[in-house]
Amino acid sequence: MTSVLWFRRDLRRRDHPALLAAREAAGDGDLVCAFVVDPALWDGGGAVRRAWLAANVRALDEALDGTLTLLHGDPRQVVPALAERVGASSVHVSRETTPAGVRRDAAVRDRLGEAGVDWVETGTPYAVGPGLVTNGSGDPYKVFTPFAKAWRRHGWPEPAATPRTLPLRHARNDADATAALEAALTASDLPEMPTPGEEGALRRIVPYRTAEYPGTLVVDTREHALFLVMEGGEALRYGVGVGREGLAWQGRATVGRKAEWPRWTPTRDMIAREPERNAPWAGGMPPGLENPLGARALYLYRGTQDTLYRIHGTNEPWSIGQSVSSGCIRMINQDVIDLYRRVPLGAPVVVQL
C-alpha cells in the first residue's frame, strides 16, 4: 500500500500529525512525500520570498534523505496525477483554512474521490486550529485581549511524535519544479537569509525577559526550549528534548565540566529501568555517532557535586521537542556544538518545570 503526503505550509518532519497519519496508512508499503510548485502562487511572490521558500524546500528534501518529490503545475491536476502514478490509496495533508486553500483542496479531494483515493486531513499548521476558539455565542472574537485569554484557556496538544523511520519512496521530480527552485536560489541581489529548515528554526535569537544575568542557561521544560540569556533583553533559543514524566529534573546548577565526543556510562537507575538497553554499557560506551550523549556534553554540578544531569547531544534527533529522556537535556548535535563553544565553565544553569 502506498500513501502520499502533500507538504504545503508545514515543511518539517517534527510535530507533523499528517506525517504520522500518512506513515500509518502506508503500513508495510511506501510513503511518497511531495511539494507542488504552483505557478499561480510561485510567480506572484517576490524574489526574496521565492528564494526563502526554495531554501526551505531544499532543507526539507535533505531531512527526507533526498526523497521529496517536486511537482510543477496546478495542484488540482498534478496531485491526482501523482496519486495515480504511484498507485496511492490515500493522500494526506494538514487542514487548510484560507478560503482559496479550502476551495483548492475541495477540488483535489473530488478528483481523488473519482479515482477511489482517500483524502485525509490531519491537524493544521497552527498550535490551535482556526475556528476552534470562539466566544460565548459561538462567534469569532473581535477583540484581541479576550481572544488571547480564551486561546490560552483552550490549550494546545503536545507536539506530535516524530517517526523514527519512514518508508520513503521518490517518484521523479518535474524538471520545471527543479528549475524553479534553482532559479529562485540563484537570483541576483538576494539579501543574506537565516538558516532554512527545522534546524534553523530550532536555534534563533528571540526577545526574552528574565531576571537572570547574561550568560545564564535557562531550560524551559514545558516549552522544550533552552535559552542562552544575552544582553538587551534577548536570548539565543534552542529546541531541546527533556525528561519524561517523573524523571524531569529542576533547579539551579553550574557547568562544572565540558567534554567533546564524551564517553557515556548509564547510571544505576537507568540500568534498573531499562536493563536490556543499558546494562551492556555499564562499563561505558565509547564516543561516536551511536553514543547517546552525542557530540558534546555539559555536566551540571552543584558546588563540587556532580548532579548526574547533563546538557548533551543525541543520537535520536527525532526526540527534540519531546519529553522522552531519563532527565537530561538533549539537543541536536549541531546545536550542542554551537552551545558548547559559547558557554564557559562555571556558567549558571536554571532548569524550570
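Here's the yes/no breakdown for (1) closer than 21 Å to N291 by Cα; (2) buried (at least 20 other Cβ atoms within 10 Å of the Cβ):
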{"residue": "L236", "(1), (2)": "no, no"}
{"residue": "G239", "(1), (2)": "yes, yes"}
{"residue": "R244", "(1), (2)": "yes, no"}
{"residue": "P266", "(1), (2)": "yes, yes"}
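Is it the case that some residue within the stretch 258-265 is modelled with pLDDT under 90, more than 19 Å from Q352 (Cβ to Cβ) and in contact with a helix residue (DSSP H, G or I) (Cβ under 6 Å, 6 or more places away or on another chain)? No - not one qualifying residue is present in the stretch 258-265. Which residues, taken from the stretch 287-310, are charged (D, E, K, R) and buried (at least 17 other Cβ atoms within 10 Å of the Cβ)? Of everything in the stretch 287-310, those that are charged (D, E, K, R) and buried (at least 17 other Cβ atoms within 10 Å of the Cβ) turn out to be R296, R310. Looking at T178, T210, just one residue is polar (S, T, N, Q) and part of a helix (DSSP H, G or I), and that residue is T178. Checked across the stretch 278-291, the condition of being under 20 Å from T221 (Cα atoms), in contact with a helix residue (DSSP H, G or I) (Cβ under 9 Å, 6 or more places away or on another chain), of a type outside the set (G, A, S) and in the same structural domain as G243 (by TED's automatic domain parsing) holds for no residue. Considering the stretch 311-324, the residues that are closer than 14 Å to W264 by Cβ and surrounded by fewer than 23 Cβ atoms within 10 Å (Cβ to Cβ) include one that is nearest to the chain's Cα centre (by Cα), namely E316. Taking every residue in the stretch 324-343 that is touching a residue at least 24 places away in the same chain (Cβ under 8 Å) and pairing it with any residue that is charged (D, E, K, R) and crowded, with 19+ Cβ neighbours inside 10 Å, at least 6 positions away or on another chain, the pairs with Cβ-Cβ distances below 6 Å are C328/R310; D335/R203; V336/R296; I337/R296; Y340/R296. Would you confirm whether any residue within the stretch 141-162 is touching a residue at least 40 places away in the same chain (Cβ under 8 Å), out of contact with any Asp or Glu (no Cβ under 8 Å at 6 or more places or on another chain), surrounded by 11 or more Cβ atoms within 10 Å (Cβ to Cβ) and of a type in the set (A, V, I, L, M, F, W, C)? The answer is yes; a qualifying residue exists. Among the residues in the stretch 131-148, are any closer than 24 Å to R14 by Cα and either under 23 Å from the mean Cα position of the chain (by Cα) or not in a loop (DSSP other than H, G, I, E, B) (or both)? Looking through the stretch 131-148, none of the residues is closer than 24 Å to R14 by Cα and either under 23 Å from the mean Cα position of the chain (by Cα) or not in a loop (DSSP other than H, G, I, E, B) (or both).
Here's the yes/no breakdown for (1) at pLDDT 95 or above; (2) among the aromatic types (F, W, Y); (3) over 18 Å from the mean Cα position of the chain (by Cα):
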site: V36; (1), (2), (3): yes, no, yes
site: W42; (1), (2), (3): no, yes, yes
site: G45; (1), (2), (3): no, no, yes
site: W52; (1), (2), (3): no, yes, no
site: E62; (1), (2), (3): no, no, no
site: D65; (1), (2), (3): no, no, no
site: G73; (1), (2), (3): yes, no, yes
site: A88; (1), (2), (3): yes, no, yes
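In the stretch 212-237, the residues that are under 18 Å from I337 (Cα atoms) form Cβ pairs under 9 Å with partners that are basic (K, R) and assigned to a strand (DSSP E or B), at six or more places apart or across chains, as follows: A225/R237; L226/R237; F227/R237; L228/R237; L236/R204; R237/R204.
The values are calculated or read from the model by the stated rules, or taken from the named source; none is laboratory data. All values reported here derive from a predicted model rather than from experimental measurement. In this analysis, Cβ positions are derived from the backbone assuming ideal geometry, glycine residues included, and neighbour counts consider all displayed protein chains.
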